[in-house]
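What follows draws every value from the coordinates through simple rules; no lab data is involved. Predicted model, so just to flag it, every value in this text is computed and none were measured. Neighbour counts run over all protein chains shown; Cβ positions are idealised from the backbone, glycine included.
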Amino acid sequence: MEAAGEDEFMGGAELDLAQLAREEYSATNNGVPRPLSPRLPSLSPACKREGGSLHPAPLPYLSPKTPDPPAPNQEKEKEPDARGAAILICSTLPTKLDMASAVTISSVSAQAALVSKPRNHGSTSFSGLKASSSSISFESGTSFLGKTASLRASGTPRIVPKAKSGSQISPQASYKVAVLGAAGGIGQPLGLLIKMSPLVSELRLYDIANVKGVAADLSHCNTPAQVMDFTGPAELAECLKGVDVVVIPAGVPRKPGMTRDDLFNINAGIVKSLIEAVADNCPEAFIHIISNPVNSTVPIAAEILKQKGVYNPKKLFGVSTLDVVRANTFVAQKKNLSLIDVDVPVVGGHAGITILPLLSKTRPSVSFTDEETEQLTKRIQNAGTEVVEAKAGAGSATLSMAYAAARFVESSLRAMAGDPDVYECTYVQSELTELPFFASRVKLGKDGVESIISSDLEGVTEYEAKALEALKAELKASIEKGIEFAHKQQGAAASV
């Protein structure tokens with residue numbers, strides 16, 4: 001079936017349901033209504049939830065059964081009037097929904113809003129696409145977006161899900177998120193995914209160039225967040241004022257002829273400058289660092305914040321969520337499990353052998369042979385290289401990284417909003433080992449890290465215990481390299 005055009009079904013002019021009803025019921029085949037138009041795909045409102053998707057129940061009135069002929073002298077049955085037919089067609093409008101994120105369907109007609117200021121994209125309130133009817137709402141545990149990402153369509157019946165047990169967060173767009181490095185390969189898809197969050201009221205995009213176009217593009221998405229753009233160091237302070245979460249994907253990828261030390265020095269300098277601005281303008285914000293090498297850039301950020309007198313270890317995070325996302329995906333594929341059910345804790349660091357998936361702690365419990373354990377561990381550790389090779393040198397893992405980072409942002413916002421049941425693996429200051437920074441599962445709360453989950457390191461297998469000891473030397477060296485860089489920068493600044 002061809003997708004409907006903008007002015008036909010998914011936007012622009014509204015459907016004339018009464019006219020469509022007349023068209024659909026004007027031709028009959030022995031008294032049986034002909035099949036619905038291709039632009040009206042069928043889905044009964046009698047839906048059921050299976051595995052995070054809505055599945056349609058059969059539509060009895062579209063059965064090919066031929067009706068009994070009318071009795072002699074029996075008055076011919078009246079043709080349905082336009083209103084009744086429209087209601088019948090209306091109940092079949094929505095297409096099959098199979099989305100990872102929670103979806104609300106409600107209308108198709110929209111009005112374009114004029115942007116009064118070039119830097120502030122979007123409106124202060126979210127009306128979305130004007131609702132012409134009621135809506136379908138459902139939730140999926142597979143979504144990093146949590147409870148209420150939205151997609152709109154028209155004329156749909158209302159389906160109210162059963163109340164879930166446990167706490168739920170009422171989605172309210174009340175948090176301000178800044179993305180520093182928003183015009184890059186990670187920053188652009190990350191901005192889009194954050195824009196979809198119902199918890200974000202302002203999305204502030206910063207980069208040294210090319211960010212205005214990104215902001216203008218994102219501002220057309222009908223979700224609650226206003227989009228604002230900021231270009232260059234002169235506007236960085238304004239970008240950061242009053243934000244709740246700062247996400248830093250800024251940096252450069254490794255290029256031909258560039259050594260690891262070259263890459264480190266460039267990205268370390270970028271992170272240093274950005275963290276100084278964060279310390280001066282939003283010291284209470286959650287800080288999410290994506291810029292590589294994370295094993296070193298997080299210690300650099302900690303030292304800069306200490307120098308500024310605003311370091312709070314509970315609010316500084318190295319985003320290692322991609323390692324968990326990959327581990328969950330690969331294990332589910334290997335063991336033919338439902339991905340929504342799989343959770344593999346990943347500890348250590350965020351590069352090479354410092355990435356340690358604790359396969360023995362996989363939920364649901366599943367057994368691995370020694371060969372499977374080694375193969376999966378190596379694949380998770382080298383997954384970034386797998387993407388680089390697949391892209392033939394044209395890029396790295398930008399999309400999956402953006403997805404993982406957006407999931408961590410959403411988890412942080414849920415925790416800020418009071419959700420008492422938010423857990424993520426992340427690279428933070430830790431006392432789990434003798435190393436000052438270590439990635440592990442943590443419980444997130446309104447003020448950042450509430451607790452570090454130590455039980456994941458208890459009862460590990462012999463393979464995991466050896467791998468844990470083996471990673472410590474490399475991770476320690478990376479941490480020390482970051483701290484040394486920060487101290488050198490401080491000394492250089494003091495001597496000027």
Over the alpha-carbon set of region 201-270, work out the extent along each principal axis and list the three values in angstrom, largest first. 43, 24, 20
Restricting to bridges with both residues inside region 244-496, how much of the DSSP beta-bridge set is antiparallel, in percent to the nearest 5? 70 percent
Listed peptides 353-364, 451-462 by packing density, highest first (mean Cβ within 10 Å): 353-364, 451-462
Output needed: percent of Cα pairs per 10 Å distance bin for region 244-496, bins running from 0 to the one holding the longest distance. 7, 31, 37, 20, 4, 0, 0
Between Arg254 and Asn222, how many nm apart are label points set 7 Å from Cα along the C-beta direction? 4.6 nm
Students often check this: by mean Cβ neighbours within 10 Å, which of 439-445, 379-385, 390-396 ranks highest, and how do the rest follow? 439-445, 379-385, 390-396
HN-Hα J couplings of region 190-198 from phi, Karplus 6.51/-1.76/1.60, θ = phi - 60°, integer Hz, Gly and Pro as x? 5, x, 4, 5, 5, 4, 6, 6, x
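Need one number for region 161-316: average projected area of the convex hull over its C-alpha atoms, nm².
The orientation-averaged projected area of the Cα hull of region 161-316 comes to 11.1 nm².
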When the convex hull of the Cα atoms of region 312-452 is projected onto a plane and the area is averaged over all directions, what value comes out in nm²? 9.1 nm²
Would you mind estimating how fast region 258-319 diffuses translationally, via Stokes-Einstein at 20 °C and 1.002 mPa s with the Kirkwood radius over Cα pairs, in µm²/s? 185 µm²/s
